[in-house]
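Engineer: Could you have a look at this structure, given as structure tokens, before my questions?
The values are calculated or read from the model by the stated rules, or taken from the named source; none is laboratory data. All figures in this text were calculated on a predicted structure; none of them were measured in a lab. Heads up, the Cβs are rebuilt from the backbone with ideal geometry, glycines too, and the neighbour counts pull from every protein chain shown. Just so you know, the surface numbers come from the protein's heavy atoms only, side chains and all, with ligands and any DNA or RNA stripped out. Shrake-Rupley method; radii C 1.70, N 1.55, O 1.52, S 1.80 Å.
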Amino acid sequence: MHTAPVPGGRPASELTAWARIRDAAIECFAEQGFDAPFRVIAERAGVSPGLITHHFRSKAELREQCDTEVLRRYEALKTSSLGDPSAFLLANLAEPGPAAVLVVYMLRAVHAGGAPARRFLDHLVDKAREVMRAGVESGLLRPSRDEEARLRHLVHQTMGALVVQFLTLPDATPHALVEAMAARQREQVLPTLELFTEGLLTSRRMLDDYLLYVGDPPTGRPQPQPQHESA
């Protein structure tokens, strides 16, 4: 066994072997996918492969612990952005860093599919719920008629767009994703902010028609009268 640097720049001596393995697995899974072998993870963590099976009985258990930690770190990053979202956007999408590893890990988790992907998306929605609520309360975000539906739509839409971009990269790694996002920042940030700030449709007719259809007529608009057959 040997000592090696770990994610975050801290010396391995400052972390328990369990935490070093988990942190190394997060990076390896982000870089290589969930097929990354224990041997590679062990080398990154500075431990023996046998120690991984001692602490984590299976790769599924190791991934479960990684999922939990990634979601915790992601929530912390998102919450810290509420004070100045514009500065957070520019600072975290323009250069490699811990955020890139977290994002790529999440993209791989979603792309892997199955029950773990569904659970991961549900967790993402749960983690974003409080952030969305705080955004509405602070006045940054408009309230919605159905906050839960909007929340799920935004999470799924965001993750879906990122998965498409990530999977079409020649080199699917955190560094490559950051480079691609930096290169395409101008063409992505502007339309995103336009859509979120100014909207897409020039009138609210389609929304009003839908609200009438679902039995929630818009205020101030007359409801259609039922048609009666003549005697």
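Engineer: With a Förster radius of 22 Å, plug the Cβ-Cβ distance of L207 and A161 into 1/(1 + (r/R0)^6) and report the FRET value to the nearest 0.05.
Structural biologist: Computed FRET efficiency for L207 and A161: 0.45.
Engineer: Between Q32 and V136, how high is the FRET efficiency from 1/(1 + (r/R0)^6) when r is the Cβ-Cβ distance and R₀ = 35 Å? Nearest 0.05.
Structural biologist: Once rounded, the FRET efficiency stands at 0.35.
Engineer: Here is a further query. For H175 and H153 in the same chain, what is the full-extension length gain: residue separation times 0.36 nm, less their Cα-Cα distance, in nm?
Structural biologist: Extra length from H175 to H153 when fully extended: 5.2 nm.
Engineer: Would you please put 42-53, 140-151, 119-130 in order of how densely packed they are, using the mean number of other Cβ atoms within 10 angstrom per residue and starting with the highest?
Structural biologist: Top of the packing list down: 42-53, 119-130, 140-151.
Engineer: Shifting gears a bit: Can you send over the solvent-accessible area of H175, 1.4 Å probe, protein chains only, in Å² to the nearest 10?
Structural biologist: The accessible area comes out at roughly 100 Å².
Engineer: Going by average Cβ density within 10 Å per residue, which order do the peptides 188-197, 27-36 take, highest to lowest?
Structural biologist: In descending order of packing, they fall as 27-36, 188-197.
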